[in-house]
C-alpha cells in the first residue's frame with residue numbers, strides 16, 4: 001500500500017490550506033486517495049502533490065472549473081497549452097478593459113476638467129473612397145484595420161486624413177452600419193472599395209487628444225455641449241483621424257476629431 005499523507009501533512013507540503021483542499025475535493029478537482037469511512041479523514045498520496053499545485057495555480061488565474069478539469073484530464077501537452085493560452089488571452093482582454101475603465105474614471109472624476117473647444121463646421125457633400133459594412137461593436141477595431149489596409153492599397157495618395165461614419169445602432173444595440181474612407185480626387189472602384197458620397201452637414205466638432213481608451217469621455221462632453229446649445233444629433237457620428245496608430249506609436253500624439261451632424265431644436 002502506498003504511503004498516505006493526512007490532510008494536514010498534505011496541506012503543509014503543498015502550501016495549500018485544509019479548507020482549499022476540501023474545496024478541491026468537493027468540486028471534484030482533486031479526490032483524496034483514501035477517505036476513512038468511520039472518521040471522514042482524507043488522505044493523499046505524495047504523487048498528488050504536483051497535481052494540487054497545478055490546480056492551485058490554474059485557479060489563481062481564475063480558470064473555470066470545467067477548463068481545469070480539461071487540463072488535468074488531457075494527456076496532450078499541446079491541448080493543455082491551448083486551453084491555458086485561450087484563458088490568458090481572455091485575461092489580457094479583461095485587463096485592457098479594466099485599464100480603459102480606470103483611465104476614463106480618472107478623467108470623469110477630475111474636479112475641474114479642461115475646457116473643451118467645439119467648432120460648428122459646415123461641410124459640403126463630397127465623394128470619398130470608402131468601405132462599408134454592418135459590424136458588431138466588438139469587431140469594429142479588427143474590421144477597421146482590414147478595411148483601412150485595403151483603402152491604403154487602393155488610394156496611395158489620399159487628399160486628406162482618413163475618417164469614419166458610425167450609425168447610432170452600433171452604440172445603442174451593439175451592431176450597426178460602419179463606413180471608413182479616404183478622401184480622394186478620383187475615388188477608385190475595386191475589391192470592397194467604392195466611391196461614396198458623404199452628405200452635406202453642419203458638424204459639431206471637437207478634438208480628442210491622446211489614446212482612444214478615453215474617447216468615450218470626449219464623446220460624452222461633446223454630447224452635453226450639443227444638448228446645452230439646443231442642438232440635436234442628425235445622423236451617423238463622424239470621426240476624422242488626424243493622427244493615430246497609423247502615424248505614430250506615441251499615443252500622446254494621437255488626435256481624433258469627433259464630428260456630430262446636428263440641427264437646431266426649437267425650444
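The values are calculated or read from the model by the stated rules, or taken from the named source; none is laboratory data. Just so it is clear, the model here is predicted, and its values are computed rather than measured. Note: ideal-geometry Cβ built from the backbone for every residue, glycine included; neighbour counts use all protein chains shown.
Answer yes or no: is there a residue in the range 3-15 that is modelled with pLDDT under 85 and part of a helix (DSSP H, G or I). Checking the range 3-15: not a single residue is modelled with pLDDT under 85 and part of a helix (DSSP H, G or I). Could we say that residue 181 is closer than 27 Å to residue 253 by Cβ, modelled with pLDDT of 90 or more and in contact with a helix residue (DSSP H, G or I) (Cβ under 8 Å, 6 or more places away or on another chain) here? It is true that residue 181 is closer than 27 Å to residue 253 by Cβ, modelled with pLDDT of 90 or more and in contact with a helix residue (DSSP H, G or I) (Cβ under 8 Å, 6 or more places away or on another chain).
For every residue, the table says whether it meets (1) assigned by TED's automatic domain parsing to the domain that holds residue 148; (2) in contact with a strand residue (DSSP E or B) (Cβ under 9 Å, 6 or more places away or on another chain); (3) modelled with pLDDT under 95; (4) part of a strand (DSSP E or B).
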{"residue": "164", "(1), (2), (3), (4)": "yes, yes, no, yes"}
{"residue": "169", "(1), (2), (3), (4)": "yes, yes, yes, no"}
{"residue": "186", "(1), (2), (3), (4)": "yes, yes, yes, no"}
{"residue": "196", "(1), (2), (3), (4)": "yes, yes, no, yes"}
{"residue": "216", "(1), (2), (3), (4)": "yes, no, yes, no"}
{"residue": "219", "(1), (2), (3), (4)": "yes, yes, yes, no"}
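Residues that are surrounded by fewer than 16 Cβ atoms within 10 Å (Cβ to Cβ) and part of a helix (DSSP H, G or I) within the range 71-82 comprise 72, 73, 77, 78, 79, 81, 82, listed in sequence order.
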